[in-house]
Amino acid sequence: MRITTCLTRGDYASAMTDPLSALAVVPKTGAEHFHASGEARNENVLGFWRWSSSDLVGNAMRGVLAEYIVGMALGCVSDGVRMEWDAADLLTADGLRVEVKSAAYLQSWAQSKLASISFGIQPTKGWDAATNTYSSEVKRQADVYVFCVLHHEDKHTVDPLDLDQWTFFVLSTDELTASVGPQKSISLNRLRSLHPRRASFAELAKAITAAGSMTANVQLP
């Protein structure tokens with residue numbers, strides 16, 4: 001399967017045919033200002049981003065960052081915006097659905113030891129953001145899973161923007177489901193036992209392509 005460019009979650013149609021249909025989300029520049037009573041304030045979206053999103057090590061924002069990094073490898077995050085809760089995290093131009101999971105040994109808060117690595121892999125009923133409907137099938141919605149490990153273990157030098165501090169493990173959904181069934185989570189040791197495609201950032205797109213060529217995304221029994 002050839003991967004070229006892909007669409008991120010939330011690439012809605014530009015025109016709303018229904019007043020309650022999904023919003024057409026336009027990427028912001030950061031220069032947009034807050035305003036009240038017709039007057040712009042000094043504060044802008046960039047300031048909000050700095051306030052809300054600067055902690056890239058914490059679980060919530062690291063997960064979003066991991067999605068972006070995988071999208072970088074696939075060349076698909078220069079346009080469009082991310083949409084919360086859609087069935088899959090990334091969709092390639094060839095129709096391959098990619099689920100991204102992240103974990104790290106380090107957390108932002110004080111730790112007495114390195115964190116244990118595990119990932120959520122629970123089958124779900126897929127939600128379609130554009131229609132606000134759930135599918136009837138309980139299954140893993142993506143075709144490929146990418147497990148992203150921020151493997152660095154020194155808080156003084158950890159840098160999630162350094163792509164060399166990440167290791168990626170890639171499995172087709174069929175491979176994952178054949179081994180673990182409807183299991184809800186998986187440890188890093190168990191994941192390694194499944195012989196996933198291990199990749200650096202430079203190798204990631206090729207690994208996803210290889211996994212995608214093997215998937216049929218079968219329904220769980």
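Just so it is clear, none of the values below were taken in a lab; they were calculated from the coordinates. Note that this is a predicted model, so its numbers are computed, not measured. FYI the Cβ positions are ideal-geometry reconstructions off the backbone, even for glycines, and counts take in every protein chain you see.
Structure above, values below:
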quantity	calculated
Segment W51-M214, extension gain: residue separation times 0.36 nm, minus the distance between their alpha carbons	54.5 nm
Alpha-carbon gyration tensor eigenvalues x 5, square-rooted, for the chain, Å	30, 25, 16
Listed pairs K101/K206; K113/K155; K28/K139; K101/K184; K125/K206 exceeding 22 Å between Cα atoms	K28/K139; K125/K206
Vicinal HN-Hα couplings computed from phi for the stretch 73-79 (Karplus, 6.51 cos²θ - 1.76 cosθ + 1.60; Hz; Gly/Pro x)	4, 8, x, 10, 10, 7, 10
Net length gained if the chain between W127 and Q107 were fully extended (0.36 nm per residue, minus Cα distance)	4.2 nm
Pair R190, A115: separation of 7 Å Cα→Cβ label points (nm)	1.8
Relative contact order (%) - criterion: Cα under 8 Å, at least six apart; region: the chain	21
Long-range HN-HN contacts of V25 with modeled amide H, under 5 Å	Y12
